[in-house]
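Beneath this line is the structure, given in structure tokens, with notes to follow.
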Amino acid sequence: MCGIVGYIGNRQAYPILLDGLRRLEYRGYDSAGLVVEKGNTVTRVRVQGKVAELAKKVGAQVLEGFCGIAHTRWATHGVPGEVNAHPHCDEEQDVFVVHNGIVENHELIKRELQQEGCKFASETDTEVIPHLIKKFLTEGASLEVAVGKALKLIKGTYAVLVIAKSDPGKIVAARQSSPLRLGIAEKEFIIASDPSAIVSHTKKIITLADGELAVINKDGYVISELQSDTIIDKKLEEIEWDMSEAEKGEYEHFMLKEIFEQPEAVKNSLRGRLLFDEGMAVLGGLKQVEDKLRKLKRLHLIACGTAYHAALVGEYMLEEYAGLSTEVCVASEFRYRKTILDPETEAVLVLSQSGETADTLAAVKEAKQKGVLTLGIVNAVGSTIAQETDAGVYNHVGPEIGVASTKAFTSQLTVLALLTIFLGRQRDMSLVMGKRIAEELRALPVKLEKVLAQSERIREIAQYYIKTTNFYYIGRKYNFPVALEGALKLKEISYIHAEGGPAGELKHGPLAMIDKNFPIMAIVPQDSVYEKNLSNLAEVKARNGRIIVLATEGDSEITKLAEEVIFIPKTLEMLTPILSVIPLQLFAYYVAVLLSKDVDKPRNLAKSVTVE
Ligand code: F6R
């Protein structure tokens, strides 16, 4: 949830740290801070607010030094404010720490340290870390040993970067359940929570694993196991990212860029994965578990937020076309259920854009503990979930920076459709059906372009609704989860209250809310539930409800029922969500922009939810 970055090398650290923070800001943005070290002096600057405020505060001040650490925060313990902003330090201002994660036993450690006379300056859980490190330094330990000793006392999750005035020219880094990557360039090192802060300097990275500690100086680095001190020889990876992928280019916001990237994203998720003549999907990441997959009787799909909505669509696909019993559970609830999992015939499939979501990761760990095969549909290559799962499929849609997930969703649906072909053809799906889905998938990018071409009209519709305070989204079958997703998009970036639900549930309660001021967004393509949806629209109309409808091109009937109609091209029923979600993303985007909201960084949210 927080972004951390550190630099050590031959260049001035401050501009590199600031640039890194700007790129990481989507991970959290309620306060920011940094420390730059020059010999035995350090300068710390912290602010409440965004990274731009930090730059303003530094202003013309010369922050010199070749080593430093920085942080952009999403508050968990302690309100957003300067005193709670990282880096935190001990009373003597010797040890400075930036931290992403949660120290679960901080109350207990704090109490013990206070009894020893320690004074705390902030309300954060993090502050216990520099105090503990300082205590061990005072007892004679080197910085790396002191960090190791301190971290062994901590329960919870962390990615930490530590520097000390008394041991200059060194960054100590460690991780436990929060991502951390070390970028390696010519005599310089950048260490950060994700590659976006690294790729402009080097594409060579090392991903730290849980329980690993790195000691970095300008001449090199040593990585060891925190518990055993054993030195580890880590593999260098080459990041595939193109820097332009992490930049807005001509677009006003990352979200808009990512919405418009969807035809390309779907193409990338499909690339090389369809065998048209055989009506089959090739999923290299599942090769090693193919036999196990053949024996599956039930698949559990687990995810959070938008990825959970994709999983709900996947449930319809897999049951209808692959004939595989499928269960969907929101990751944050999975842990409370006593789900009965049979390792012989069941598997867990998690979906995650970031590959770092704490609840989703916890579900993977729980499933593994129960001896069940774990699979992942993950976008971030090399992320924790990608590493923890037994097998999986990457989305290959490049970094998603806008906090509201868009291209990851359509890509997740695309991969789920590929998986449906794959599992279906292992079972009873006919060659004809396999070919049909493959052909329809291939045709999607052009159809997506057609939907995107209506963006100006969607902007005009959005303009009409900016004063609306409530929205209800409805859909059935494949488009019921799209209703949930549309409502989530609107509320998270415009802060307008929006709910979604199955159209059939309308008369079981929500219809009571409908009047001329409470509009309905209905997703009604010409599919197997079309007639039933028309009845729902008639019910809304009879209560004077205003209706915006997403309909199939050429549907003249529906225009009689709705105030506004947005058309999507015809496709296979199971693939309609990939098209129908686009107008909903654009609608939410334009409403938020017209309301002057910070679309890419909505209040109270952050991109990668690495805390429970
Ligand atoms: C909403 C959104 C979130 C994420 C959720 C899961 O627009 O982005 O609901 O979908 O936090 O994140 P990942 O997919 O990274 O596990």
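The values are calculated or read from the model by the stated rules, or taken from the named source; none is laboratory data. Here the structure is a predicted model, which means the values were calculated and not measured. Note that we place each Cβ from the backbone using ideal geometry, even for glycine, and neighbour counts take in every protein chain shown. For accessibility, only protein heavy atoms count, side chains too; no ligands or nucleic acids. Shrake-Rupley method; radii C 1.70, N 1.55, O 1.52, S 1.80 Å.
Among the residues of the range 145-171, those that are more than 24 Å from residue 194 (Cβ to Cβ) and part of a helix (DSSP H, G or I) comprise 145, 146, 148, 149, 150, 152. The single condition from (1) open to solvent by less than 30 Å² (accessible area, probe 1.4 Å); (2) modelled with pLDDT of 90 or more that residue 239 fails is (2).
So that you can scan it fast, the table gives a plain yes or no per residue for (1) within 15 Å of residue 17 (Cβ to Cβ); (2) among the basic types (Lys, Arg):
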{"residue": "55", "(1), (2)": "yes, no"}
{"residue": "60", "(1), (2)": "no, no"}
{"residue": "73", "(1), (2)": "yes, yes"}
{"residue": "77", "(1), (2)": "no, no"}
{"residue": "91", "(1), (2)": "no, no"}
{"residue": "94", "(1), (2)": "no, no"}
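Of the strands (runs of 3 or more DSSP E) lying entirely inside the range 181-272, those carrying at least 1 residues that are assigned by TED's automatic domain parsing to the domain that holds residue 155 and within 24 Å of residue 393 (Cβ to Cβ) are 181-185, 204-207.
Scanning the range 413-433 for residues that are under 16 Å from residue 316 (Cα atoms) and β-branched (Val, Ile, Thr) yields 414, 415, 420, 421. With respect to the conditions (1) within 27 Å of residue 308 (Cβ to Cβ); (2) outside the structural domain of residue 529 (by TED's automatic domain parsing); (3) in a helix (DSSP H, G or I), residue 429 falls short on a single one, namely (3). Restricting the search to the range 328-363, which residues are touching a helix residue (DSSP H, G or I) at 6+ places or on another chain (Cβ under 8 Å), within 11 Å of the ligand (Cβ to nearest atom) and in a helix (DSSP H, G or I)? Listed by number, the residues that qualify are 331, 332, 359, 360, 361, 363. Meeting the requirement of 2 or more residues that are among the hydroxyl-bearing types (Ser, Thr, Tyr), the strands (runs of 3 or more DSSP E) wholly within the range 1-59 are 41-48.
If the condition is being in contact with an Asp or Glu (Cβ under 9 Å, 6 or more places away or on another chain) and open to solvent by 50 Å² or more (accessible area, probe 1.4 Å), then the range 202-231 contributes 203, 204, 218, 222, 225, 231.
Does residue 33 fit the bill of being open to solvent by less than 50 Å² (accessible area, probe 1.4 Å) and within 20 Å of residue 160 (Cβ to Cβ)? Against the criterion (open to solvent by less than 50 Å² (accessible area, probe 1.4 Å) and within 20 Å of residue 160 (Cβ to Cβ)), residue 33 qualifies. Screening the candidates 601, 597, 570, 607 for the property of being at pLDDT 95 or above, part of a loop (DSSP other than H, G, I, E, B) and within 16 Å of the ligand (Cβ to nearest atom) yields one hit, 597. Across the range 465-502, the qualifying residues are those that are charged (D, E, K, R) and away from the ligand (no atom under 14 Å from the Cβ), and the one among them that is nearest to residue 594 (Cα to Cα) is 467. Remark: residue 411 falls outside the filter, which requires a residue to be under 30 Å from residue 495 (Cβ atoms), open to solvent by 10 Å² or more (accessible area, probe 1.4 Å) and in contact (Cβ under 8 Å) with a residue 24 or more places away in the chain. Remark: pairs (first residue in the range 366-378, closer than 19 Å to residue 337 by Cα and assigned to a helix (DSSP H, G or I); second residue of a type in the set (S, T, N, Q) and open to solvent by less than 10 Å² (accessible area, probe 1.4 Å); Cβ separation under 7 Å; 6+ apart in sequence or on different chains) = 367/374; 368/374. Annotation: residue 554 fulfils all but one of (1) surrounded by 22 or more Cβ atoms within 10 Å (Cβ to Cβ); (2) part of a loop (DSSP other than H, G, I, E, B); the unmet one is (1). So is residue 298 surrounded by fewer than 23 Cβ atoms within 10 Å (Cβ to Cβ) and at pLDDT below 95 or not? Spelling it out, it is not the case that residue 298 is surrounded by fewer than 23 Cβ atoms within 10 Å (Cβ to Cβ) and at pLDDT below 95. Scan the range 88-99 and give yes if some residue there is farther than 20 Å from residue 135 by Cα and either open to solvent by less than 10 Å² (accessible area, probe 1.4 Å) or without any contact (Cβ under 8 Å) to a residue 60 or more places away in the chain (or both), otherwise no. Checking the range 88-99: not a single residue is farther than 20 Å from residue 135 by Cα and either open to solvent by less than 10 Å² (accessible area, probe 1.4 Å) or without any contact (Cβ under 8 Å) to a residue 60 or more places away in the chain (or both). Somewhere in the range 580-587, is a residue open to solvent by less than 10 Å² (accessible area, probe 1.4 Å), within 16 Å of the ligand (Cβ to nearest atom) and outside any helix (DSSP H, G or I)? For the range 580-587, residues open to solvent by less than 10 Å² (accessible area, probe 1.4 Å), within 16 Å of the ligand (Cβ to nearest atom) and outside any helix (DSSP H, G or I): absent. In the range 401-411, the residue that is farthest from the chain's Cα centre (by Cα) out of those that are more than 8 Å from the ligand (Cβ to nearest atom) and among the β-branched types (Val, Ile, Thr) is 410. Just wondering, is there one or more residues in the range 392-400 that are within 11 Å of the ligand (Cβ to nearest atom), crowded, with 22+ Cβ neighbours inside 10 Å and farther than 14 Å from residue 281 by Cβ? Yes, there is a match, as at least one residue in the range 392-400 is within 11 Å of the ligand (Cβ to nearest atom), crowded, with 22+ Cβ neighbours inside 10 Å and farther than 14 Å from residue 281 by Cβ.
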